[in-house]
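Peer 1: Handing you a structure now.
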Amino acid sequence: MCSLRSSASDAALAAERAGVRTKAIDVRRVPDSVVPKFASDGLLRSSPFHRLVDTSLKRNLGLLIAVLCGWKRIMFLDDDIVLSQPSNVPAADGLPIVGLANAGMPDNSVVCHALRDTGEDQDVFIGGGALVVGEAAFSSFFPNIYNEDWFFLIDGLRRRSVAVTGAAIQAAYDPYCDPRRARSEELGDILAEGIFALLDIGRGLEDANGAYWAEFLRDRRRLISAIIARAAGSVNKPEQRARVSAALKAAIGRSRLITPELCVRYLHHWQSDCLLWRAHLRDLRRGHRAASGIEGALATLGIAHSAQPGMSGRMMRGAVRRPFFR
């Protein structure tokens with residue numbers, strides 16, 4: 001799935017040189033009708049919370065192709081992740097989702113990185129960057145929001161069974177390079193953290209009401225303020241301290257625009273989108289022959305532009321890139 005500085009022809013040429021089969025798609029040419037018009041995306045589209053990235057589109061497109069091809073499992077792998085032993089990729093037989101443990105740079109939000117960098121414990125959860133998905137989970141989709149992979153782990157009501165195995169190595173990156181990263185993550189970080197906090201104590205999404213989000217938002221802002229205060233004394237290099245502080249202030253500034261009502265509305269829209277996605281899958285399956293393979297799947301989806309080994313392409317300029325803001 002190619003966008004930004006990558007192209008399908010470049011990817012196909014790289015695959016040909018490596019002697020592997022591939023089907024590369026220029027995502028910028030994919031018709032808008034391929035995925036439904038999600039209400040959750042519409043809610044944020046004209047707001048400061050709208051994300052101009054295509055990560056969710058790419059992953060949803062992968063799910064649609066898998067459904068139409070009749071595949072039993074697929075693996076999502078980001079271009080900045082390396083598998084230490086590719087032969088040990090889990091098959092996910094009988095499991096809806098299997099994540100590979102991250103043995104490289106922790107892939108957390110900016111706020112979580114700052115929490116760790118100021119001396120607090122911070123776990124690393126599995127993510128969509130190295131995820132094996134079984135057929136049972138194809139009915140989930142990735143919304144266009146930060147932590148879209150956390151939402152994918154929930155079927156609209158409850159968390160799916162997840163296993164962790166193997167190892168994947170996340171390439172190093174600088175979480176504080178641009179305060180816009182922290183701003184773009186804040187709504188998704190709040191919603192995902194808040195949902196999983198409820199599920200972890202045995203409560204359901206019906207308890208995610210306005211009162212719950214009001215308290216959660218207060219706690220979140222206190223947390224970020226405390227990290228800012230700790231960073232002033234625990235980050236030794238002045239330049240790094242300034243960058244951490246700028247990122248955290250961007251996060252808390254964006255947090256102040258988030259209301260309990262927005263959180264409640266987003267979850268309602270997302271739950272409606274879960275039903276819309278399943279209806280979309282049923283509609284696509286009607287009249288489609290899985291035996292037609294990936295070419296038939298692309299034809300059903302209306303995707304005419306793709307590349308594969310053997311096709312002409314420009315010389316490879318660099319690795320396929322994912323969007324800057326995850």
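Peer 1: Taking the dipole about the Cα centre of the chain, with the C-beta of Lys and Arg at +1 and of Asp and Glu at -1, give me whichever of Val89, Gly62, Ile303 is farthest to the positive side.
Peer 2: Going by the Cα projections, it comes out as Ile303.
Peer 1: Work out how much length His268 to Ala172 would gain on full extension: take 0.36 nm times their residue separation and subtract the Cα-Cα distance, in nm to one decimal. Intermediate results must be reported in sequence, preceding the final value.
Peer 2: Details: separation 96, 0.36 × 96 = 34.56 nm, distance 3.59 nm.
Gain on extension, His268 to Ala172, equals 31.0 nm.
Peer 1: With a 1.4 Å probe and all protein chains left in place, how much of the accessible area of the chain comes from carbon and sulfur atoms, in whole percent?
Peer 2: Within the chain, the accessible surface is 53 percent carbon and sulfur.
Peer 1: With labels modelled as points extended 7 Å from the Cα through the Cβ direction, what inter-label distance (nm, one decimal) is found for Arg278 paired with Arg180?
Peer 2: 3.8
Peer 1: Another one. Which of the trypsin sites (Lys or Arg not before Pro) found in the stretch 22-129 are in a DSSP loop and have at most 11 neighbouring Cβ atoms, other than their own, within 10 Å?
Peer 2: Lys37
Peer 1: Let me ask something else. So if each residue of separation counts as 0.36 nm, and I subtract the Cα-Cα distance between Val20 and Glu206, what length gain in nm does that give? Walk me through the numbers before you get to the answer.
Peer 2: Details: separation 186, 0.36 × 186 = 66.96 nm, distance 4.72 nm.
Working it through step by step, the gained length comes to 62.2 nm.
Peer 1: What figure, in Å² to the nearest 10, do you get for the accessible area of Thr165 with a 1.4 Å probe and non-protein molecules left out?
Peer 2: Here the residue's solvent-accessible area equals roughly 60 Å².
Peer 1: For Ser234 and Arg286 in the same chain, what is the full-extension length gain: residue separation times 0.36 nm, less their Cα-Cα distance, in nm? Spell out each step's value before the answer.
Peer 2: Working: separation 52, 0.36 × 52 = 18.72 nm, distance 5.94 nm.
Roughly 12.8 nm would be gained on extension.
Peer 1: OK, next. Could you do me a favour and compute the accessible area per residue for the stretch 146-296, 1.4 Å probe, result in Å²?
Peer 2: Numbers: 7300 Å² over 151 residues.
Ligands and nucleic acids excluded, the figure is 48 Å² per residue.
Peer 1: Give me the dipole magnitude in Debye, nearest 20, for the chain about the Cα centre, with unit charges on the beta carbon: positive for Lys and Arg, negative for Asp and Glu.
Peer 2: Values: 43 positive and 35 negative charges, 144 e Å.
The dipole magnitude comes to about 700 debye.
Peer 1: Further, regarding this structure: Can you list the trypsin sites (Lys or Arg not before Pro) in the stretch 259-294 that are in a DSSP coil and have 14 or fewer other beta carbons within 10 angstrom?
Peer 2: Working: sites: Arg265, Arg278, Arg282, Arg285, Arg286, Arg289; in loops: Arg286, Arg289.
Filter output for the stretch 259-294: Arg286, Arg289.
Peer 1: What nm value, rounded to one decimal, do you get for the distance between Asp32 and Glu215 when each label is placed 7 Å out toward the C-beta?
Peer 2: Result: 4.2 nm between the two label points.
Peer 1: By its C-alpha gyration tensor, with a ≥ b ≥ c as the square roots of the eigenvalues, how is the stretch 172-227 shaped: rounded for a/c under 1.5, else prolate for a/b larger than b/c, else oblate? Intermediate results must be reported in sequence, preceding the final value.
Peer 2: Details: a/c = 2.53, a/b = 1.92, b/c = 1.31.
Here the stretch 172-227 falls in the prolate category.
Peer 1: To the nearest 0.05, what FRET efficiency results for Ala246 and Ala103 with a Förster distance of 41 Å applied to their C-beta separation?
Peer 2: Values: r = 30 Å, r/R0 = 0.73.
In this case the efficiency is close to 0.85.
Peer 1: Lysine pairs in the chain with Cα distance under 28 Å, only those 8 or more apart or on different chains: how many are there? Please report the intermediate quantities before stating the final value.
Peer 2: Values: Lys23/Lys37; Lys23/Lys58; Lys23/Lys72; Lys37/Lys58; Lys37/Lys72; Lys58/Lys72; Lys237/Lys249.
Here the count comes out as 7.
Peer 1: OK, next. Quick one: what do you get for the stretch 158-259 if you divide its Cα Rg by 2.2 N^0.38 Å? List each step's numbers first, then the result.
Peer 2: Details: Rg = 16.3 Å, N = 102, 2.2 N^0.38 = 12.8 Å.
Computed over Cα atoms of the stretch 158-259, the ratio equals 1.28.
Peer 1: So if we plug the beta-carbon distance of Arg256 and Asp79 into 1/(1 + (r/R0)^6) with R0 = 35 Å, what FRET efficiency do we get, rounded to 0.05? Present the calculation step by step, with values, prior to reporting the outcome.
Peer 2: On the way: r = 34 Å, r/R0 = 0.98.
That pair, Arg256 with Asp79, gives E of 0.55.
Peer 1: Starting from the Kirkwood Rh over alpha-carbon pairs, what translational D in µm² s⁻¹ does the stretch 1-104 have by Stokes-Einstein at 4 °C and 1.567 mPa s? Walk me through the numbers on the way to the answer.
Peer 2: On the way: Rh = 16.3 Å.
Estimated via Stokes-Einstein, D reaches 79 µm²/s.
Peer 1: Does the stretch 45-158 come out rounded, prolate or oblate by the C-alpha gyration tensor, with a ≥ b ≥ c the root eigenvalues, rounded set by a/c under 1.5 and, if not, prolate when a/b is larger than b/c and oblate if not? Write down the numbers at each step before the final one.
Peer 2: Values: a/c = 1.92, a/b = 1.23, b/c = 1.57.
Here the stretch 45-158 falls in the oblate category.
Peer 1: DSSP loop (so not H, G, I, E, B), at most 12 other Cβ within 10 Å: list which trypsin sites (Lys or Arg not before Pro) in the stretch 155-186 pass both filters. Walk me through the numbers before you get to the answer.
Peer 2: Details: sites: Arg158, Arg159, Arg160, Arg180, Arg181, Arg183; in loops: Arg158, Arg160.
Sites meeting the loop and neighbour criteria: Arg158.
The values are calculated or read from the model by the stated rules, or taken from the named source; none is laboratory data. Predicted model, so just to flag it, every value in this text is computed and none were measured. Every residue, glycine among them, receives a Cβ derived from its backbone with ideal geometry; neighbour counts consider all protein chains shown. When the accessible area is computed, the model is the full protein with side chains, heavy atoms only, and any ligands, DNA or RNA have been set aside. Shrake-Rupley method; radii C 1.70, N 1.55, O 1.52, S 1.80 Å.
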